[in-house]
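Structure first, then comments.
The values are calculated or read from the model by the stated rules, or taken from the named source; none is laboratory data. Just so it is clear, the model here is predicted, and its values are computed rather than measured. Here the Cβ positions follow ideal geometry from the backbone for every residue, glycine too, while neighbour counts run over all protein chains shown. SASA here: full protein model, heavy atoms, side chains in, ligands and nucleic acids out. Shrake-Rupley method; radii C 1.70, N 1.55, O 1.52, S 1.80 Å.
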Amino acid sequence: MDCMGNYTELKVMKSDGGGGGGGGGGGGHHCCKKSDDFCGELCGQESSKLFSMSRVRCIMRGMDLKTYIFLFAFVPTLVFGIYLHGQKISYFLRPLWEKPPKPFNEIPHYYHENVSMENLCRLHGWGIRGYPRRVYDAVLFSNEVDMLTIRWKELYPYITEFVLLESNSTFTGIPKPLVFASHRKEFDFVEPRLTYGTIGGRFRKGENPFVEEAYQRVALDQLLKIAGITDDDLLIMSDVDEIPSRHTINLLRWCDDTPKILHLRLRNYLYSFEFPLDNKSWRASVHRYQPGKTRYAHYRQTDDILVDAGWHCSFCFRRISEFVFKMKAYSHFDRVRFSHFLSPERIQKVICKGADLFDMLPEEYTFREIIGKMGPIPHSFSAVYLPSYLLENAEKYKYLLPGNCVRESG
């Protein structure tokens with residue numbers, strides 16, 4: 001038997017006395033035929049003993065000290081490393097298994113406060129309307145009270161109806177209070193133009209959180225009908241923290257011949273406006289409503305996108321507890337791979353450093369982009385071109401401005 005488990009028999013015949021009858025009483029011996037002496041010591045042993053030796057023993061006999069060190073030290077370390085950083089490895093190798101999406105048709109954005117609306121529409125290749133379209137701003141609400149305030153103050157002059165749907169369940173099935181209901185008095189300024197609805201959660205354990213999210217978006221479609229949206233009204237589809245700029249919405253409501261569906265390219269920030277990530281946020285969109293056809297969604301719905309159309313401030317919370325809540329509640333909760341990710345001390349350090357809460361690599365499609373965006377986000381000390389209400393109330397919202405990374409503990 002060689003050490004790969006292949007057998008070669010060498011039959012040795014014993015004669016009794018000189019006779020030629022070797023077939024009757026002779027015993028058979030088997031020898032491991034190899035060119036080296038790895039299994040040489042097995043030669044000449046009884047066949048029963050040879051076959052009783054497992055392949056594992058045969059292999060292990062030939063191992064030296066270095067091999068043992070490799071098996072019992074390096075291999076477990078490698079397995080543990082993959083367990084800790086498997087997600088990073090997967091994201092880094094993403095360019096090998098996923099192609100980048102089709103590029104958007106980027107529409108240049110022209111604006112200056114001293115340029116007439118007629119000229120602005122013409123610069124975009126659009127006509128001018130005799131009167132502006134009605135505009136509906138619809139959102140699913142979780143707990144982002146400050147961001148909702150900044151959003152609605154920014155859009156207030158041009159919104160016909162604010163539509164908000166709230167659930168007593170997170171997308172991951174965690175019970176939650178009706179936060180907006182308890183803060184409703186703070187939004188008295190929109191009350192005459194507010195359609196507010198609630199929906200009960202289904203609380204199905206183990207279900208994909210995107211199913212619950214889709215369920216709530218379908219309910220928001222129904223709430224929009226109750227709010228009175230009609231054909232060719234503008235509908236803003238975006239999360240609370242995806243804020244279109246005021247002049248962008250005013251442009252789209254006055255211009256004629258705009259695309260029926262138009263994505264908005266937003267400036268991307270993380271934790272506050274101190275950490276500009278990139279200009280690649282694209283999920284926000286504006287629709288010319290078509291009854292029976294328009295559906296509230298948060299994925300790519302067209303190739304057209306208007307650049308520099310607002311701000312997306314992700315995980316921009318006042319309190320550490322709000323960070324913890326969102327990390328456990330939103331659709332990508334699986335990114336919380338270890339319990340220490342939710343440590344308040346760790347979260348505070350990550351915020352001030354501009355690092356990633358989930359210790360992930362950038363979600364990009366080329367190695368150049370991944371490597372270029374690795375590490376903490378560089379600090380920015382510019383507060384130019386931000387929502388006006390934020391700057392008018394800088395002291396109240398200073399945690400969102402450069403130089404104020406420390407969060408409240410409650």
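Percent of accessible area on segment 352-410 owned by carbon and sulfur, 1.4 Å probe?
Here carbon and sulfur together make up 58 percent of the probe-accessible area.
Using label points projected 7 Å from each Cα along Cα→Cβ, tell me how many nm separate residue 257 and residue 210, to one decimal.
The two pseudo-label positions are separated by 3.8 nm.
Considering only protein heavy atoms and a 1.4 Å probe, what is the carbon-and-sulfur percentage of the accessible area of segment 203-266?
53 percent
Between residue 183 and residue 360, with labels modelled 7 Å along Cα→Cβ, what's the label distance in nm to one decimal, could you check?
2.4 nm
Can you find, among 177, 211, 164, the residue farthest towards the positive end of the dipole of segment 105-317? Put +1 on the C-beta of Lys and Arg, -1 on that of Asp and Glu.
In segment 105-317, that residue is 211.
Looking at segment 105-317, how many pairs of lysines come closer than 28 Å at the Cα, when each pair is eight or more places apart or spans two chains?
14
Could you sort 290-297, 387-394 so that the peptide with the highest average Cβ count within 10 Å comes first and the rest follow in order?
387-394, 290-297
Just the number, please: carbon plus sulfur as a percent of the accessible area of segment 306-348, 1.4 Å probe, no ligands or DNA/RNA counted.
Result for segment 306-348: 59 percent of the exposed heavy-atom area is carbon or sulfur.
For the peptides 215-226, 236-247, what is the packing order when you average, over each peptide's residues, the other Cβ atoms within 10 Å and list the highest mean first?
Top to bottom by mean Cβ count within 10 Å: 236-247, 215-226.
Could you report segment 105-317's accessible area per residue, 1.4 Å probe, as an integer in Å²?
Here the per-residue accessible area is 41 Å².
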